[in-house]
1. Given the structure, is GLN53 over 13 Å from GLY130 (Cβ atoms), polar (S, T, N, Q) and assigned by TED's automatic domain parsing to the domain that holds GLY136?
2. Go over the candidates TYR143, TYR156, TYR171 one by one and state the one that is farther than 30 Å from VAL35 by Cα and either touching a residue at least 60 places away in the same chain (Cβ under 8 Å) or not in a loop (DSSP other than H, G, I, E, B) (or both).
3. Step by step: first the residues of segment 108-129, then only those that are more than 25 Å from MET42 (Cβ to Cβ) and in a loop (DSSP other than H, G, I, E, B), then the one that is nearest to the chain's Cα centre (by Cα). Which residue is that?
4. Of everything in segment 199-230 that's among the aliphatic types (A, V, I, L, M) and within 24 Å of THR247 (Cα to Cα), which residue is surrounded by the most Cβ atoms within 10 Å (Cβ to Cβ)?
5. Within the bounds of segment 244-259, is there any residue that is surrounded by fewer than 22 Cβ atoms within 10 Å (Cβ to Cβ), within 15 Å of the ligand (Cβ to nearest atom) and without any contact (Cβ under 8 Å) to a residue 24 or more places away in the chain?
6. Can you tell which of VAL105, VAL99 is touching a His at 6+ places or on another chain (Cβ under 7 Å) and assigned to a helix (DSSP H, G or I)?
7. Quick one: which residue in SER215, SER304, SER239 is assigned by TED's automatic domain parsing to the domain that holds GLY180 and within 14 Å of the ligand (Cβ to nearest atom)?
8. Is it the case that some residue within segment 91-107 is among the β-branched types (Val, Ile, Thr), touching a residue at least 24 places away in the same chain (Cβ under 8 Å) and over 25 Å from TYR13 (Cα atoms)?
Amino acid sequence: MVNIDWKNLGFKYMDTACHIEYVWRDGAWDSGVLVKEPYLKMHIGATCLHYGQEAFEGLKAFRCQDGVVRVFRPADNARRMFNTARRTCMAQVPEAMFVDAVKRVVKANEDYIPPYGTGGSLYIRPLLIGTGAQIGVAPAKEYTFLVLVMPAGEYYKGGLKPVKSIIIDEYDRAAPLGMGDVKVGGNYAASLYAHEQAKRAGYPVELYLDAKTHSFIEEFATSNFIGIKPDGTYVTPDSPSILPSMTNDTLRQLAHDFGMKVETRPVPFEELPTFSEVAACGTAVVVTPVYEITRGATVITLGSPDRCGPVVQKLFDAVQDIQYGRKPDVHGWCVPID
Ligand SMILES: *Cc1c(COP(=O)(O)O)cnc(C)c1O
């Protein structure tokens, strides 16, 4: 058994028992191997290093109340990575292989899955990279698909903590016909500089507007935007340069199940003050309530810094109840590891 202080785990890299690694060569994937060493030996001409041929995913496994370990919506992440691979001209990972890779690596790292009741989970990071040498610009002839895992602690000890956000008009994240709708490292490289600026100014998350007109809400750097109207309507922006978040999809379904109205449509910046609750959503933390958004001299108040709004709290609880197996999984989202 490993010796981990489950109660004080954060969200940071930790070596585990192994990761799983597959190679695509001559038009086919191999059957994958579990590798103990957390290092890759790679050709210095690999396309992922020079031209950003890279796709990643993020999902989680939970040790449930009944003791069974379940992965949340792995086939949906597989489909998203399939789209990212197509957009970046990489060898695509078939859905069955992706889900099997996730199951194999989770099972091999059973000791690293936080016990039920600690609020923790096993964070799963699939990665697809061009590893063939290629200096003339063209897709690589060899790819590596790997899945690494790390135990993640409960993010919100003592309840959801609202944060403030900022819109930085000096930088964009994704162009309208660019790569904003696929999960590539390049989108993160594009947002790091503004992210560091925002953090230094005291804003943990920055919000992006559409790159072309700077008049519509897009998403936060690493998470989708959701807004709740005073009448309980769930609103989330529709744009070709937003990453389709699995968490947002899950929350929309749950909102619908609760009888709330759900709208996916363009959201003009001017609409911000009309929301009674705003939150960022993504796999790592599910939701981050946002109580204030600043743009230049304008400061928009959306809630209290002391507590999460009731609708976002209710949606958060509903997701966690399903993930930890406390409520029936009526949508078939949870895949057991046998
Ligand atoms: C991964 C990601 C999200 C969140 O997606 P989930 O599937 O909910 O984790 C949101 N925005 C961006 C830009 C992302 O890369």
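The values are calculated or read from the model by the stated rules, or taken from the named source; none is laboratory data. Computed from a predicted model, the values in this text were never measured in an experiment. Ideal geometry is used to build each Cβ from the backbone, glycine not excepted, and the neighbour counts take in all protein chains shown.
1. no
2. TYR156
3. The selected residue is GLY120.
4. Only one residue fits best here, namely ILE226.
5. Yes, because at least one residue in segment 244-259 is surrounded by fewer than 22 Cβ atoms within 10 Å (Cβ to Cβ), within 15 Å of the ligand (Cβ to nearest atom) and without any contact (Cβ under 8 Å) to a residue 24 or more places away in the chain.
6. Exactly one residue qualifies, and that residue is VAL105.
7. Selected residue: SER239, the only one of SER215, SER304, SER239 that is assigned by TED's automatic domain parsing to the domain that holds GLY180 and within 14 Å of the ligand (Cβ to nearest atom).
8. no
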